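Chemist: For reference, the structure I am asking about is given below.
The values are calculated or read from the model by the stated rules, or taken from the named source; none is laboratory data. This one's a predicted model, so the numbers in the text were calculated from it and none came from an experiment. Cβ: placed from backbone, ideal geometry, glycine included. Neighbour counts: every protein chain shown.
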Amino acid sequence: MTMQRVSSLSEFEEMKRLAMERRKLQKRYIATCCGTGCTSAGSRVVVSAFNEIFSKLGLEFEVKTTGCHGFCEQGPIVIVRPEGVFYRMVKPEDVKRIVTKTIMENKIVEELLYVDPLTGKKIVHEAEIPFYKNQGRILLSCNSDLNPTDILDYISIGGYSSLAKVLSGLTPEDVIREIKKSGLRGRGGAGFRTGEKWEIARKQKEELKFIICNADEGDPGAYMDRSVLEGNPHLVIEGMLIGAYAIGASMGYVYVRNEYPLAVKNLTEAIRQAHEYGFLGKNILGSDFNFVIKINRGGGAFVCGEETALMQSVEGRPGDPRPRPPYPAEKGLWEYPTVINNVETWANVPKIIEKGADWFASYGTDGSKGTKIFSLVGKVKNTGLVEVPMGMSIGDLVYKVGGGPKNGNEIKAVQIGGPSGGCIPSELFNLPIDFESLTEAGAMMGSGGLIVMDERTCMVDVARYFLKFLKEESCGKCTPCREGIERMHEILTNITEGKGEREDIQLLEELASVVKDSSLCGLGKTSANPVLTTLRYFRNEYEAHIKNKKCPALVCKELVSYYIDPDKCVGCLLCLKNCPSEAILGENKKIHVILQDKCTKCGTCLEVCPPKVSAVLKVSGEKIVTPEKPIPVQEWKKRNQLERR
């Protein structure tokens, strides 16, 4: 199909028909994940290898570059459509086998299949892999089958049909009513009801109104918004168009992190195509509705994820939060009514208009409808981008989707909601994932970061880590946040270094309460969550650090020591040769000794000691009796034998 501007609803229907016919002609093709994760693992080279071999063989076979498939740790991912044969960790040298065996002979390349770690079974089809099977993918369902830089591909699966439906007969009030009925709540953190926000903005008298998509995703380990923008940017654009029509806005901004080059690239191309096809600009689809979108690149300030700070940044000013009320829906960008929602919220809107509020509300719980996207990372077998129905338990997400603990260690907790989120212990893994339950437990939904932690994680150190991040990212405008976080981080650092005192726990609780109650913006008010939840659920670890000067998880460097077990040391010299601080004494076949005053506690000795020997001990809160100087192994063994007699 050639580029043509759509100037009426009837022309759009004809374009959709032709796009759907084109998709039907794509009988077999290869979908290759080219999201940021798989690209960094070499997927673009794999795509080139496919194109090269098809060209040599004279085969007309499409290689579709898609957005993130979600199962990031298994990338690069290649799926043969329509069969859904799932190949993982594909390298350029694997391409020839896939083409000759699977494409030409309809056979499976066994070595490239996913192996279920629980059953040991090789799984052929994507839909049968537990990671995917136990999700509820609505927004991400098209990511593995859609070229994000091809607007016709989006139209062929129903793209822009919701916009056409709205412009063909729904009033702005009808749209707002449907969004309210669906129960959609903001996916950016606070969970405010989307329809109510739109209604407030609609009622404002000003002629000029704005729409903003908040794609300033600053949480460590979070990449939900990035993946949606990379993999399906037109879905977000369509959601913004519908929202703009509902409130009466004529201009929109996507505030996206400059660290997301692929998301910016794909979004820029999508906006360009939407303009050329007539979905953006003046008289959209022949109506009197006008709307344009501009991209605003954020400089990486975490505080700009807060909506009032974000608007300050769009206006060209420092991204400092401002007091509320008035709320942005009343007075926002340049004092005009502004609706701000994050990427995931906007992406839900076309789905709701397409399938209805009742369909959307059938997912989730009474107070939390639909699905939620999480970046599942940490000490779990299956890491990646997941989408699950609201109300799924934390345990099901961790064990059924995530596959359970990695490396055989027992899972201790999850940290949910980003740096300002909270830590939930494994005893509460039956807790449903919804706004109310998480808030009651001291955490928050946040934008969707979920970090799994096992028994080798120190919860005091976790709180210290997130407070360090928040301390550095605080805008410093209000005293409770600026000074309170700094002081809490200082106390936590002292505790992890063995300098904690008994009154520190009470002082932390008091400081956290003050910061929570009196900070200016939402980021400051929630910054105490890592401290409050770890104190609430893991107080025993704080007490161990303070009273016993011991880190039970063997993480806090100042409270850990390394020793060489004389009963196991074989005098192989590996630890001595690799010690960067020259803190080990020893000779060949003599028991080695670590000089504690020179040891920097880097752990290199533990890493290089052969597993069959395992002579290096890592301990906390205790001292091991070892020889003061190297002793021949045989001499030590004889001495022990005499002592045992």
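Chemist: Of all helices (runs of 4 or more DSSP H) completely enclosed by the stretch 206-290, which ones contain at least 1 residues that are surrounded by fewer than 24 Cβ atoms within 10 Å (Cβ to Cβ) and without any contact (Cβ under 8 Å) to a residue 24 or more places away in the chain?
Modeler: In the stretch 206-290, the matching helices (runs of 4 or more DSSP H) lie at 261-277.
Chemist: Separate question: Output the residues belonging to the stretch 1-59 that are small (Gly, Ala, Ser) and assigned to a helix (DSSP H, G or I).
Modeler: Once the filter is applied, which keeps residues that are small (Gly, Ala, Ser) and assigned to a helix (DSSP H, G or I), the stretch 1-59 yields 10, 19, 37, 40, 43, 48, 49, 55.
Chemist: How many residues are assigned to a loop (DSSP other than H, G, I, E, B) and either modelled with pLDDT of 95 or more or not assigned by TED's automatic domain parsing to the domain that holds residue 28 (or both) if we restrict to the stretch 87-106?
Modeler: Selection size over the stretch 87-106: 4.
Chemist: Tell me the residue from 329, 357 that is in contact with a helix residue (DSSP H, G or I) (Cβ under 6 Å, 6 or more places away or on another chain), surrounded by fewer than 20 Cβ atoms within 10 Å (Cβ to Cβ), in the same structural domain as residue 219 (by TED's automatic domain parsing) and more than 22 Å from residue 135 (Cβ to Cβ), please.
Modeler: 357
Yes or no, residue by residue, for (1) without any contact (Cβ under 8 Å) to a residue 24 or more places away in the chain; (2) within 30 Å of residue 617 (Cα to Cα); (3) assigned by TED's automatic domain parsing to the domain that holds residue 188; (4) assigned to a helix (DSSP H, G or I):
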site: 480; (1), (2), (3), (4): no, no, no, yes
site: 502; (1), (2), (3), (4): no, yes, no, no
site: 507; (1), (2), (3), (4): yes, no, no, yes
site: 542; (1), (2), (3), (4): no, yes, no, yes
site: 566; (1), (2), (3), (4): no, yes, no, no
site: 570; (1), (2), (3), (4): no, yes, no, no
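Chemist: Moving to a separate point now. Considering the stretch 593-631 alone, what residues qualify as being within 38 Å of the chain's Cα centre (by Cα), within 13 Å of residue 568 (Cβ to Cβ) and in a loop (DSSP other than H, G, I, E, B)?
Modeler: Selection gives 609, 610, 611, 612, 614.
Chemist: Determine which member of the set 462, 515, 452 is among the β-branched types (Val, Ile, Thr), surrounded by 21 or more Cβ atoms within 10 Å (Cβ to Cβ), within 21 Å of the chain's Cα centre (by Cα) and part of a helix (DSSP H, G or I).
Modeler: 462
Chemist: Could you identify the single residue in 412, 468, 406 that is without any contact (Cβ under 8 Å) to a residue 60 or more places away in the chain, over 25 Å from residue 369 (Cβ atoms) and in contact with a His (Cβ under 7 Å, 6 or more places away or on another chain)?
Modeler: So the residue among 412, 468, 406 that is without any contact (Cβ under 8 Å) to a residue 60 or more places away in the chain, over 25 Å from residue 369 (Cβ atoms) and in contact with a His (Cβ under 7 Å, 6 or more places away or on another chain) is 468.
Chemist: Here's a follow-up. Does the stretch 166-174 contain at least one residue that is touching a residue at least 12 places away in the same chain (Cβ under 8 Å), of a type in the set (Gly, Ala, Ser), surrounded by 22 or more Cβ atoms within 10 Å (Cβ to Cβ) and in the same structural domain as residue 301 (by TED's automatic domain parsing)?
Modeler: no
Chemist: What is the residue count in the stretch 146-162 for residues that are under 19 Å from residue 21 (Cα atoms) and buried (at least 21 other Cβ atoms within 10 Å of the Cβ)?
Modeler: Number satisfying all stated conditions: 9.
Chemist: Restricting attention to the stretch 112-122, and to residues there that are within 15 Å of residue 382 (Cα to Cα) and either touching a Leu at 6+ places or on another chain (Cβ under 6 Å) or of a type in the set (Val, Ile, Thr) (or both), which single residue is modelled with the lowest pLDDT?
Modeler: 119
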